[in-house]
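Student: Sharing a structure, written as structure tokens. Questions coming.
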Number of protein chains: 2
Amino acid sequence: MEELKEKLKVKGLKLTPQRRATLEVLFNNQGQHLNTEEIYAIVKEKCPEIGLATVYRTLQLLDEMGLISKLNLDDGCSRYEFNNHDEDHQHHHLICQSCGAVIEVELDLLDQLEEAIEKEYRFRIKDHKVKFFGICSNCD
Amino acid sequence: MEELKEKLKVKGLKLTPQRRATLEVLFNNQGQHLNTEEIYAIVKEKCPEIGLATVYRTLQLLDEMGLISKLNLDDGCSRYEFNNHDEDHQHHHLICQSCGAVIEVELDLLDQLEEAIEKEYRFRIKDHKVKFFGICSNCD
DNA sequence: ATTTTATTTGAAAAGGGTTATTATTTGAGA
DNA sequence: TCTCAAATAATAACCCTTTTCAAATAAAAT
Ligand SMILES: [Mn+2]
Ligand SMILES: [Mn+2]
Ligand SMILES: [Zn+2]
Ligand SMILES: [Zn+2]
């Protein structure tokens, strides 16, 4: 939360109750992948006067600032999750093609691939998004 | 094209000129990542009577059949590319955060990670989508 | 504490990619 | 050729997201 305040100040932006509350919802729901409507519903509990447009704007802002990540599950809406600073990279996702479950993968194991890319393509990697599709243990 | 005919027949679906033409456009524009409107415009050259809704339906169908792949670049629309059967997996993409360039990566190098996932999570991997974000050599 | 000012907000409208509807056409097997 | 389920074109509807704009407000200046 202090980090949010600092990053906002640098850009001349304000720390509002709405922004604070929205970030708190993401922080308190780690491991889930909530869409904007779901986040809106939860934020309203603590911040009943907030508007849906503000939630959209805030999520966009928090994503640009790197505090949260957007996730696309091809279900017609954007989903978000809190960026845990303990992990140095965004974690990977396993998506079950049978039941739709989304599983978090803590393993990174991309160092070899990233090194090869940086060398071969002279591309400086800042971030990545990795999704694996298949059948989860419950469905197998 | 023969593969399309076979896969359609299995499901009791028809091989129409519209489907044929749409797949040909993707085949003839490999290396690009066209959105639906762009594909529609090109298909119209050979198939002027085709409707936009048919292009949407066909791209969805070809994606489900595994003949093409959908790509999300967070620019408000879906993009597609032909699945080259020479590659056994979908290739990775490098996305420049400065100029927006999209670069194809032929290296796979995910075997180690995929093996670890199959073992540790008992998840049978069928496919993957991997995007790297950073700065390309032109912008660096 | 008061004033100032650029930023932010809520409500509602607009936007825009995608999907659904429906009457008509058509591919492909009999 | 006949038959019929599947596909199409045109258009309306859908729905997630962004924009608009007047009012409110955080935060710096006084
Ligand atoms: Mn996650
Ligand atoms: Mn590609
Ligand atoms: Zn499953
Ligand atoms: Zn670039």
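Student: Do any strands (runs of 3 or more DSSP E) lying entirely in segment A:1-120 carry at least 1 residues that are more than 18 Å from the chain's Cα centre (by Cα), and which ones are they?
Tutor: A:92-96
Student: Now for a different question. Please find, among B:L52, B:L67, B:L73, the residue that is surrounded by 15 or more Cβ atoms within 10 Å (Cβ to Cβ), at pLDDT 95 or above and more than 11 Å from chain A (Cβ to nearest Cβ).
Tutor: Of the residues listed, the single one that is surrounded by 15 or more Cβ atoms within 10 Å (Cβ to Cβ), at pLDDT 95 or above and more than 11 Å from chain A (Cβ to nearest Cβ) is B:L67.
Student: Related question: Of the residues B:L61, B:L67, B:L94, which single one is out of contact with any Asp or Glu (no Cβ under 9 Å at 6 or more places or on another chain), of a type outside the set (F, W, Y) and touching a residue at least 40 places away in the same chain (Cβ under 8 Å)?
Tutor: B:L61
Student: Within segment A:76-93, take every residue that is out of contact with any strand residue (DSSP E or B) (no Cβ under 6 Å at 6 or more places or on another chain) and within 14 Å of chain B (Cβ to nearest Cβ) and give me the one that is farthest from A:D127 (Cα to Cα).
Tutor: Looking at residues that are out of contact with any strand residue (DSSP E or B) (no Cβ under 6 Å at 6 or more places or on another chain) and within 14 Å of chain B (Cβ to nearest Cβ), I get A:G76.
Student: Would you tally the residues in segment B:94-140 being more than 7 Å from chain A (Cβ to nearest Cβ), surrounded by fewer than 14 Cβ atoms within 10 Å (Cβ to Cβ) and in contact with a Ser or Thr (Cβ under 6 Å, 6 or more places away or on another chain)?
Tutor: Within segment B:94-140, residues that are more than 7 Å from chain A (Cβ to nearest Cβ), surrounded by fewer than 14 Cβ atoms within 10 Å (Cβ to Cβ) and in contact with a Ser or Thr (Cβ under 6 Å, 6 or more places away or on another chain) number 0.
Student: What's the total number of residues in segment A:97-116 that are within 14 Å of ligand 1 (Cβ to nearest atom) and touching a residue at least 40 places away in the same chain (Cβ under 8 Å)?
Tutor: So the answer is 2.
Student: Please verify whether A:D63 is among the charged types (D, E, K, R) and within 16 Å of ligand 3 (Cβ to nearest atom), treating the condition exactly as stated.
Tutor: no
The values are calculated or read from the model by the stated rules, or taken from the named source; none is laboratory data. Keep in mind it's a predicted model, so treat the numbers as computed, not measured. Cβ sites come from the backbone with ideal geometry, for glycine too, and all protein chains shown count toward neighbours.
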